[in-house]
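J.: Please find one structure pasted underneath; my questions will follow.
The values are calculated or read from the model by the stated rules, or taken from the named source; none is laboratory data. If you're wondering where the values come from, they're calculated on a predicted model, not measured in any experiment. Every residue, glycine among them, receives a Cβ derived from its backbone with ideal geometry; neighbour counts consider all protein chains shown. Heads up: the accessible areas ignore ligands, DNA and RNA and are worked out on the full protein's heavy atoms, side chains in. Shrake-Rupley method; radii C 1.70, N 1.55, O 1.52, S 1.80 Å.
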Amino acid sequence: MTQNDSIRKETDYPLLHNPGWMEVMMRHYELDASEFALRFAGTEDWPVREIAEQRHCYPRAQEKLGPLHRPGMIYLREALEQASGYATATWRARNWVRSDSPSEPDSIFRVADLTGGLGIDSAAFALAGAHVDYCERQPLLAAIARHNHGLQELTSRIRWHTGDGLAWLAGQRTSGQSREQEQRQKRDLVYIDPSRRTGGKRVLSLQESEPDVTRHMALIRSAAHRCLVKLSPMMDPVDAARSLDDCVAVIAVSVDGELKELLADCVPAQKQEVPDQRRPPLHVAVMLDASGKERFRFTSESGASGTAKTYPEQPSHTDPQTSHQYSHPPHLQSHPHPSPSTSAPPPSAQPPATLLFEPDPSLFKMRLIDEVARRYGLVRIHPGIGYLTDGQLPTPSGPPSPSGPPTPSTPPTPSTPEAFPGKVFRIRRTLPFKPRHLKKWLGEAGLTRVHIHQRGFPLTVDQLYKKLGCRMGEDAHLFATTAHDGQKVVIVTDRIG
């Protein structure tokens, strides 16, 4: 939150005590936030600044939160920016909330949200059936969340605590209890989303975040059967797993092709386990649509023997101190692939063929490109770059035309673009990167408004637009990259999926 937000007091925030603000905003909704603030500056009858803030936030909240948004809900601009979206919040709740508590069958699943913010995650957990303890250090945010939860009709499932969430969690423990009593008192899940902005700057590491979760894992372990930590999407997943005791999985989540979250799932080791001998954390990539429905899921066990397994969408009813069971979901079973132990490995790289496949960002994040290539029978264009191509080289049929894509000699794999976890492009030409010749060729082909992508290339996208004399548009997609033989090339494509 901003420093100004942090010093606001609950009693000073007028929208909590003036229900008429919503009517005023809707009456003048044709004005944007700046226009509203200017037109009604100096008006003493309304809290103009606060209503203008809601006018700014409302269209963004409706888009980001979808069904979680209700008319009359109150937002703070920066808190809304930092809040989870509908797709990720509801998917997370579906995956980690069970119908009953694993520590006490037939009882309610209990979640502690230690960094509550606007309360979006708490609302999603509650809607999934959990009873939630919401904790927030800032009194104003806590008051707004309580107001919003009331509009969402969740007051019977959420309790609100103003103050430090970790301090509250520590206060829930009672000395002198038996182990059985301690187990029953534990929360089934602790969820924590540390602030990654300190001093106005974004930070990446857990140690720089507030709070530093790595310093409090012993407390969390003693108070909960499971902990889910939201990380910076920019953080390296291997570093994340090393930073957190008891990490069993690191999960990258994308929505409609945009990387949104990195999560660490932590489950305390059982007493009979030796921590150094636990299985390496799973690397999981999950791809959602805007509604929160899973489209694809891929998993790799770093350093573990055997074939890759997948992370289930619904948790199994297992012992609370063990990790989820893993099995192939149906939509991936429909795309069988040879076991790495029984099939020859694909070539490390080959020239671009008829199609170019750009895997989803979550797959890049979790380093699962080779798993995708094996599953779909694809090959890298360069051993160290994540662009893939089908294994079918085009059959030459005379000089290539700038506008005519080659016809593949056999059907590509996968059979339809929708079956691939990422974007699919049909290749027109692969040209050496000679800027003057390339610029001339693009002009003659009428491809001057294009999307430019680059990986493994010395120039930035902005530099490429300038050198090639192009502007952004829909004529074609250009991929500037390094080919299998080390040459710098530009692959001219059309998007088909």
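J.: So what is the relative contact order of region 444-497, in percent, for Cα pairs below 8 Å that sit 6 or more residues apart?
T.: It comes to 36 percent, rounded to a whole number.
J.: Next up: Using a basic spin-label model with each label point 7 Å from the Cα along Cα→Cβ, how many nm lie between THR214 and GLU444?
T.: 5.7
J.: Which pairs, out of LYS201/LYS423; LYS64/LYS293; LYS186/LYS293; LYS365/LYS439, put more than 26 Å between their alpha-carbon atoms?
T.: LYS201/LYS423; LYS186/LYS293; LYS365/LYS439
J.: Give me the number: length gained by fully extending ALA290 to ARG159, i.e. 0.36 nm times residue separation minus the C-alpha to C-alpha distance, one decimal in nm.
T.: Extending this stretch completely gives an extra 44.3 nm.
J.: Calculate what fraction, in whole %, of the accessible area of region 41-153 sits on carbon and sulfur atoms when a 1.4 Å probe is rolled over the protein chains.
T.: Taking all protein chains in place, region 41-153 shows 46 percent carbon and sulfur surface.
J.: State the extension gain, in nm to one decimal, for the chain segment bounded by GLU474 and HIS437, taking 0.36 nm per residue of separation less the distance between their alpha-carbons.
T.: 11.2 nm
J.: Sticking with this structure for a sec: Multiplying the sequence separation of HIS28 and GLU78 by 0.36 nm and subtracting their Cα-Cα distance, what value in nm do you get?
T.: Taking HIS28 through GLU78 to full extension adds about 15.7 nm, to one decimal.
J.: Pairs of alpha-carbon atoms within less than 8 angstrom and 6+ residues apart define the contacts here; what relative contact order does region 179-263 have, in percent?
T.: RCO, region 179-263: 27 percent.
J.: Would you please classify the overall shape of region 109-244 from the alpha carbon gyration tensor, given that a ≥ b ≥ c denote the square roots of the eigenvalues, rounded means a/c under 1.5, and beyond that prolate means a/b larger than b/c while oblate covers the rest?
T.: It comes out oblate by the Cα gyration axes.
J.: Shifting gears a bit: Enumerate the whole-percent occupancy of each 5 Å bin, from 0 to the last occupied one, for all C-alpha pair distances of region 418-497.
T.: 3, 15, 28, 27, 17, 7, 3, 0
J.: With viscosity set to 1.567 mPa s at 4 °C, what whole-number translational diffusion coefficient in µm²/s follows for region 41-85 from Stokes-Einstein and a Kirkwood radius over Cα pairs?
T.: The estimated diffusion coefficient comes to 115 µm²/s.
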